[in-house]
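The values are calculated or read from the model by the stated rules, or taken from the named source; none is laboratory data. Fair warning: this is a prediction, and the values are worked out from it, not measured in the lab. We place every Cβ from the backbone using ideal geometry, glycine too, and count neighbours over all the protein chains shown. The protein model used for the area step is the full one, side chains on, heavy atoms only, and it has no ligands, DNA or RNA in it. Shrake-Rupley method; radii C 1.70, N 1.55, O 1.52, S 1.80 Å.
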Amino acid sequence: MSTSLEEPAAYIPSLPECNAPPFIDPHGEEPIRAELFGLDHLEAHARKLAAAAVLTPRSRVVTPLLRRFAENGRVLIKAHRRIVEDPAHTQPRSLEAEWLTDNFHIIEDTLREVEHDLPGGYYSELPKLADGPLAGYPRVFALALALVAHSDSGLDEPRISRYVEAFQSIAPMNTGELWAVPTMLRLALVENLRRIAEQVLRSWAEQYQADEWMARKRPAGREDAAHVEVEGGGGAEEAESEAKTPADRSATLPPMAEAVAVRLLQVLRDQRPRAAAVLAEVEAQLAERGLDANEVLRREHRRQAASQVSLGNCVTSLRLLSALDWNVFFERHSKVEAV
């Protein structure tokens, strides 16, 4: 009986595949949010992004990034002022609105930091992408945007370090790009905060729209008139029928954005059985548009919960970016320093 002396082959773990597209589209109104990755998948995505990032030979390309940043600052300041000072909004503030107001000093500090750390001359020298949805944008901004999207804005030092290191294993970054990493991450987070703030204000506008429709549909004093009629002997059944009838049949539903539908459904369901007729009308009109009332409510609640998580992550990540020692980060990841 013979015994084989051959060593078993060493086990080499396979690297995770990443099917997500390499670039995040910088345009749009929805919060910056993509498939959530763990560290291994973040590294795989960083390598994929680095391989796809073709640079333009012209570094001094005019892009809207700095102009968009200035606009984001104005929008956030305006949104904060609106949330704090709007006397017409009588409903309790959403958690997103509370987060924005309670942590706005962090956002203001970030706006000042980016303005200071990214002068136009420095920005113009950063390598720019040649094609794709981020054509003309700095390559390092594509890195920051992807990292923010695939971590749901929840950054920490291991995520940032491993993503940058994996990216550089395919495409080493120059000194200016590496120093720009924290600033580009701030730019991506500020963009996300702007989108969430606008979402809050849109939701408020749609709630106003729903409330105005309700006011036209059931004018003040209608139910009181019905009770007076009962007491005056006009007939209980007739008065009850009148109270349940929509007061203004000419009032049509506003455009059925989901926040409008949610507001109407919440108010009307709270008023049942008094508002049963109007509620039935709203649900029927939703059904005509292929919408289920309960699903509309669930979807809106999920959207609000996701936005609350993203907003909280944005604020926490901005704090982290201010606390990290970026000199140590640069020395650790700079290929020039390593040589």
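When the residues of region 29-40 are filtered to those that are open to solvent by 20 Å² or more (accessible area, probe 1.4 Å) and in contact (Cβ under 8 Å) with a residue 60 or more places away in the chain, which remaining residue is farthest from Leu189 (Cα to Cα)?
Residue satisfying both the conditions and the ranking: Leu39.
Asp102 - would you say it is touching a residue at least 60 places away in the same chain (Cβ under 8 Å) and either touching an Asp or Glu at 6+ places or on another chain (Cβ under 6 Å) or among the acidic types (Asp, Glu) (or both)?
no
In region 43-64, which residue that is out of contact with any Leu (no Cβ under 7 Å at 6 or more places or on another chain) and buried (at least 18 other Cβ atoms within 10 Å of the Cβ) is modelled with the lowest pLDDT?
Among those residues, the one meeting the criterion is Thr63.
Quick one: is Pro13 within 19 Å of Val140 (Cα to Cα), modelled with pLDDT under 95 and assigned to a loop (DSSP other than H, G, I, E, B)?
No.
Among the candidates Arg202, Arg162, single out the residue that is outside any loop (DSSP other than H, G, I, E, B) and within 21 Å of Ala97 (Cα to Cα).
Answer to the check: Arg202.
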